[in-house]
Amino acid sequence: MEKRKLSFWDIWNMSFGFLGIQMGFALQNANASRILQIFGADVHELSWFWVVAPLTGLIVQPIIGYYSDRTWTKLGRRRPYFLVGALLAAAGLILMPNADMFTAFMPALWVGAGMLMIMDASFNVAMEPFRALVADLLPSDQRTLGFSIQTVLIGIGAVIGSWLPYALANWFGVSNNAAEGEVPLNLLLSFIIGAAVLVVSILITVFTTKEYSPEEMAQFSKEEEEVEETSSLFDIFSDFKKMPLTMKQLSSVQFFSWFGLFGMWVFATPAIAHHVYGLSLDDHGTAYQTAGDWVGILFGAYNAVSAVYAFFLPAIAKKFGRKMTYTIGLVCGGLGLISIYFVPNENWLFLSMFGIGIAWASILAMPYAILAGSIPAKKMGVYMGIFNFFIVIPQIINAIIGGPIVKYVYGGNPIFALVISGVSLLIAAMLVVRVKDVDDVVING
């Protein structure tokens, strides 16, 4: 029995919830540190708050993957998880910038940090079942299209979320000023809008997508034996040891890819302010804020490039193969990051972002398209969760060592962190060569 081919709009609706998830992520990534600082966090404390994000992913996603493989309800197999995750994340989005309402019970900073943890955990609950859903429902020759459409929606959501506070303040006249210790109205409204879009987009996926029954999934399974009824959560550890060869080969690619991406996210603003704008690292005045605003525009730009490029990924992969497409994307991103060191002014940074956007689209789509064909259908969720180890571990490592390396190795100059991030992506590109794509012969043979 073969899986039926789905139409473009079926696949679009199936992944539409990712737009809301990524919009919420973008709002969190761009503004959570700013909100925590409003509530009293010192700058040197912020990185420790952000370590929570990859740590929750490390713990939550494999567990959610394991249980989503074994959940069958009227809503299906994966849909209950991203529905519950979306509702919890929406609550976190609404409550985090309003944490000062709870000062009668505990300091606003503690509440805000707690809401950040809830959002991170909830986004992780919602995200991984979406990856598994594409692998569950699509035949091999449509998976690249499926993950590419997810990447398009991720890009659209990220652009909207990144630019929403600026748009409300500058285009709609919503105030971006507030008393000390209070969050500006444009940020409050942005988070409320983000929560609403998140819930609505998830509901569109829930009500327009039909999952296969357990009996149908059993027929698609490559395994000859049924999953034992005595299996337990601790089987995650044995599954980790037994992960497919393709997954092991992709793990090193993922490590260097995400080590580089995390370095870019953490150090882009100080690096560009210091190296491109010529500002002192101790200058946090108006000029520094202008540089920071420009970095926000640049991040929106690379997400926009990613969303557009993702439309072409299926055709490029069909012509050149998934591995070559993946390699090209990583090389473009590596060169884009390294080029930041050489740009003559801030306007040239759009060219750097073009390469990074191509890499971002490739990183979000190609490894999953390659991986899905090598995973047993009955353990799709748990292996997608385990695969997340190789995303979060390099981020945790970079979070711990990145700051000291900039201070003691780079002499306090963060531009070299971006250069090393670019080199890291180039190393990832070289490692793609050794990956075995078991489905490649089906699509391009």
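Which of the following residues is over 27 Å from residue 389 (Cα atoms), among the charged types (D, E, K, R), assigned to a helix (DSSP H, G or I) and over 22 Å from the mean Cα position of the chain (by Cα): 100, 141?
On the way: 141 fails: over 27 Å from residue 389 (Cα atoms).
Answer to the selection: 100.
Look through segment 328-354, keep the residues that are closer than 17 Å to residue 420 by Cβ and of a type outside the set (A, V, I, L, M), and return whichever of them is surrounded by the fewest Cβ atoms within 10 Å (Cβ to Cβ).
It comes out as 342.
Taking residue 215 and the conditions (1) buried (at least 17 other Cβ atoms within 10 Å of the Cβ); (2) charged (D, E, K, R); (3) without any contact (Cβ under 8 Å) to a residue 40 or more places away in the chain, which numbered condition does it fall short on, given that it satisfies the others?
(1)
Kindly provide the set of residues from segment 273-300 that are at pLDDT 90 or above and part of a helix (DSSP H, G or I), ordered by number.
Selection gives 275 alone.
Being touching a helix residue (DSSP H, G or I) at 6+ places or on another chain (Cβ under 8 Å) and modelled with pLDDT under 75: is that true of residue 75 here? Quick ask: steps written out before the conclusion?
Details: touching a helix residue (DSSP H, G or I) at 6+ places or on another chain (Cβ under 8 Å): yes; modelled with pLDDT under 75: no.
Against the criterion (touching a helix residue (DSSP H, G or I) at 6+ places or on another chain (Cβ under 8 Å) and modelled with pLDDT under 75), residue 75 does not qualify.
Taking the conditions exactly as written (surrounded by fewer than 18 Cβ atoms within 10 Å (Cβ to Cβ), touching a helix residue (DSSP H, G or I) at 6+ places or on another chain (Cβ under 6 Å), assigned by TED's automatic domain parsing to the domain that holds residue 202 and polar (S, T, N, Q)), does residue 122 satisfy them or not? Lay out the reasoning, then the answer.
Values: surrounded by fewer than 18 Cβ atoms within 10 Å (Cβ to Cβ): no; touching a helix residue (DSSP H, G or I) at 6+ places or on another chain (Cβ under 6 Å): yes; assigned by TED's automatic domain parsing to the domain that holds residue 202: yes; polar (S, T, N, Q): yes.
No: the conditions fail for residue 122.
Which of the residues that make up segment 316-356 are small (Gly, Ala, Ser) and modelled with pLDDT of 95 or more?
Residues of segment 316-356 small (Gly, Ala, Ser): 317, 321, 329, 333-334, 336, 339, 352, 355.
Within segment 316-356, 329, 333, 334, 336, 339, 352, 355 meet the criteria.
Considering each residue of segment 317-348, count those that are closer than 20 Å to residue 269 by Cβ and assigned to a helix (DSSP H, G or I), and give that number.
Number satisfying all stated conditions: 8.
Test each condition in (1) surrounded by 15 or more Cβ atoms within 10 Å (Cβ to Cβ); (2) modelled with pLDDT of 75 or more for residue 207 and report the one that comes out false.
(1)
In the set 305, 295, 331, which member is under 17 Å from the mean Cα position of the chain (by Cα) and in contact (Cβ under 8 Å) with a residue 24 or more places away in the chain? Give the steps one after another, and end with the answer.
Numbers: 295 fails: under 17 Å from the mean Cα position of the chain (by Cα); 331 fails: under 17 Å from the mean Cα position of the chain (by Cα).
Criteria check complete, one pass: 305.
Please state which one of 351, 364 is assigned to a helix (DSSP H, G or I) and closer than 22 Å to residue 250 by Cα.
When all the criteria are applied, what remains is 364.
Can you find, within segment 170-198, the residue that is surrounded by the fewest Cβ atoms within 10 Å (Cβ to Cβ) among those that are small (Gly, Ala, Ser) and within 25 Å of residue 357 (Cβ to Cβ)?
Initially, segment 170-198 is screened for residues small (Gly, Ala, Ser), giving 173, 175, 178-179, 181, 190, 194-196.
Subset that is within 25 Å of residue 357 (Cβ to Cβ): 190, 194.
Numbers: 190: 29, 194: 26.
My answer is 194.
Can we say residue 361 is at pLDDT below 85 and surrounded by 17 or more Cβ atoms within 10 Å (Cβ to Cβ)? Even if it seems obvious, please write down each step before you answer.
Values: at pLDDT below 85: no; surrounded by 17 or more Cβ atoms within 10 Å (Cβ to Cβ): yes.
So residue 361 fails the test.
Can we say residue 415 is in the same structural domain as residue 273 (by TED's automatic domain parsing) and more than 19 Å from residue 270 (Cβ to Cβ)? If you could, list the steps in order and put the result at the bottom.
Details: in the same structural domain as residue 273 (by TED's automatic domain parsing): yes; more than 19 Å from residue 270 (Cβ to Cβ): no.
No: the conditions fail for residue 415.
The values are calculated or read from the model by the stated rules, or taken from the named source; none is laboratory data. All values derive from a computational prediction rather than experimental measurement. Neighbour counts run over all protein chains shown; Cβ positions are idealised from the backbone, glycine included.
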